[in-house]
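Inspection log for the structure reproduced underneath, given as structure tokens.
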Amino acid sequence: MKPIGRQLLAEFIYCSSSALNNKKALDQILEQGIRESGLTLISISGKQFHPLGVTSIAVISESHIAIHTYPEASHASVDIFTCANGAKNVNNLLMFLKKELKPQSVKVMEVQRGNPLALDRKSWITSFSGTGFEVKYHADSLILSKKTKYQQLDIIENPNFGRMMFLDKDLQIAENDAYLYDESMVAPVLERNKDIGTVAILGGGDGGVLRECLKHNPEEVYLVDIDGEVIDAAKKYMPQVCEDAFDDQRAHVIVDDANAFLDKMQKFDAIIYDLTMHPEAMTNMDRTNFLSQIFSKVKDNLRNDGAVSMQCCSEYDTETINLLKKILPKYFKNITYTTVFIPSFCENWVFASAEAA
């Protein structure tokens, strides 16, 4: 017997269905979809996670189906495995799930299981943008690959961009154009407040924004990043990005959660937000609530004439841009958005700056 099967792996992005956090409703959708698509249900079991998330697993006579949801990210991951013919049935089920869970977009990969299973190519790393495309980067060599306490950390050597740092397969910075990103984060602060005095950088563990800040003679700069292993990797493997910034006497490097740091209520002339606008992997909080909470704290930690600068997202990520346009005016004034092409990102990136309201 030749073992063989067909597996569809689908990511449902920005779903609008309330069933993502309702085990009973998700089980019912899965059961109905199996029956209507012509597959044969044997049993369904699952788990309602708290505070958020559902896993629903169906055993079918053809093999199995699993759905795991991330309501905080409006996301569902779907796995359909069949070891029998019936492509039409599987495709019908996928279409039914799309209709019920209402994703804005869907990414689907088909894997031939059994003897023909192919291994991933090790000379490439893929960064998924979440905005309709993904980018593959050639790796002349893999400098570092490890799972830290918080995330997957990879550093590769690329023939065009030099060393590149990825967190959870998402490109953070590349040696050869890091200056474009770093200048875009720091320049708005200088434009709004020539004497930047004391600065806090939230995130930025690669040290590039810290290096750029120190060029402009601040009194002191606090860099707060939750993942000390990222900082250590930047020092060791990406010195072209951070140079000697971490060793500067004006720099105070703090390994901690940014929210906890801001709870100490210090006052800064400027705060640079170099954290993600998609915190779903780091927290169970709803994204809108998370961003509202942290921007409220940023405002409270700024002096009256203080400035804030932040990286936002790809220009194609209109959902995040629209969300920020709703949240930021609650805490800041004189908000400005700029767009900069970052070659290693392969797209325009949106930055924002503002003043404490």
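The values are calculated or read from the model by the stated rules, or taken from the named source; none is laboratory data. All of these numbers come straight from a predicted model, not from anything done at the bench. As a convention, Cβ positions derive from the backbone with ideal geometry for all residues, glycine included, and neighbour counts pool all protein chains shown.
Values computed for the structure shown
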| read-out | value |
| --- | --- |
| Index of the failed condition, PHE268 passing every other in (1) in contact with a helix residue (DSSP H, G or I) (Cβ under 7 Å, 6 or more places away or on another chain); (2) at pLDDT 95 or above | (1) |
| Meets criteria (over 29 Å from PRO103 (Cβ atoms), surrounded by 19 or more Cβ atoms within 10 Å (Cβ to Cβ) and either modelled with pLDDT under 90 or of a type in the set (A, V, I, L, M) (or both)) for ILE125 | no |
| Flag if MET277 is hydrophobic (A, V, I, L, M, F, W, C), in contact with a Leu (Cβ under 8 Å, 6 or more places away or on another chain) and at pLDDT below 95 | yes |
| Qualifying residues in the range 5-31 (those that are over 16 Å from VAL59 (Cβ atoms) and either exposed (fewer than 13 other Cβ atoms within 10 Å of the Cβ) or of a type in the set (Asp, Glu) (or both)) - the one nearest to the chain's Cα centre (by Cα) | GLU11 |
| Qualifying positions in the range 187-212 - among the acidic types (Asp, Glu) and in a helix (DSSP H, G or I) | GLU191, GLU212 |
| Only listed residue being surrounded by fewer than 20 Cβ atoms within 10 Å (Cβ to Cβ) and either in contact with a Lys or Arg (Cβ under 9 Å, 6 or more places away or on another chain) or part of a strand (DSSP E or B) (or both), chosen from HIS50, HIS64 | HIS64 |
| Of residues in the range 317-347 being of a type in the set (S, T, N, Q) and not in a helix (DSSP H, G or I), the one farthest from GLU134 (Cα to Cα) | ASN334 |
| Residue that is farthest from SER309 (Cα to Cα) [pool: residues in the range 219-230 that are surrounded by fewer than 20 Cβ atoms within 10 Å (Cβ to Cβ) and of a type outside the set (Asp, Glu)] | GLY228 |
| Residues that are on the phi > 0 side of the Ramachandran plot and in contact with a Pro (Cβ under 9 Å, 6 or more places away or on another chain), drawn from the range 49-75 | GLY53, SER74 |
| Subset of the range 312-357 (residues that are without any contact (Cβ under 8 Å) to a residue 60 or more places away in the chain, crowded, with 16+ Cβ neighbours inside 10 Å, closer than 20 Å to LEU202 by Cα and out of contact with any helix residue (DSSP H, G or I) (no Cβ under 7 Å at 6 or more places or on another chain)) | THR320, ILE321, LEU324 |
| Residue list for the range 280-301, restricted to those being among the aromatic types (Phe, Trp, Tyr) and either under 21 Å from LYS194 (Cα atoms) or at pLDDT 95 or above (or both) | PHE295 |
| Spans of strands (runs of 3 or more DSSP E) in the range 132-186 with at least 1 residues touching a Pro at 6+ places or on another chain (Cβ under 9 Å) and under 24 Å from GLN311 (Cα atoms) | 170-174 |
| Unmet criterion (only one of (1) under 23 Å from ALA187 (Cα atoms); (2) surrounded by 18 or more Cβ atoms within 10 Å (Cβ to Cβ)) for ARG287 | (1) |
| Filter result for the condition that a residue is within 26 Å of the chain's Cα centre (by Cα), outside the structural domain of PRO279 (by TED's automatic domain parsing), surrounded by fewer than 17 Cβ atoms within 10 Å (Cβ to Cβ) and modelled with pLDDT of 95 or more, over SER105, SER56, SER77 | SER77 |
| All positions within the range 180-206 that are at pLDDT below 95, among the acidic types (Asp, Glu) and more than 16 Å from GLU220 (Cα to Cα) | GLU191 |
| Qualifying residue in the range 14-24 (condition: on the phi > 0 side of the Ramachandran plot, at pLDDT below 95, part of a loop (DSSP other than H, G, I, E, B) and not assigned by TED's automatic domain parsing to the domain that holds PHE133) | no |
| Some residue of the range 306-315 being in contact with a strand residue (DSSP E or B) (Cβ under 7 Å, 6 or more places away or on another chain) and over 18 Å from ASP182 (Cα atoms) | yes |
| Close pairs (7 angstrom Cβ cut-off, 6 or more residues apart or separate chains): touching a residue at least 12 places away in the same chain (Cβ under 8 Å) in the range 200-224, part of a loop (DSSP other than H, G, I, E, B) and acidic (Asp, Glu) anywhere | GLY205/ASP227; ARG211/GLU243; LEU214/ASP248; VAL224/ASP256 |
| Selected residue (only one of ALA178, ALA251, ALA245, ALA233 is buried (at least 22 other Cβ atoms within 10 Å of the Cβ) and touching a residue at least 40 places away in the same chain (Cβ under 8 Å)) | ALA178 |
| Single unsatisfied condition, ASP257 versus (1) in contact with a Gly (Cβ under 9 Å, 6 or more places away or on another chain); (2) within 26 Å of GLU355 (Cβ to Cβ) | (1) |
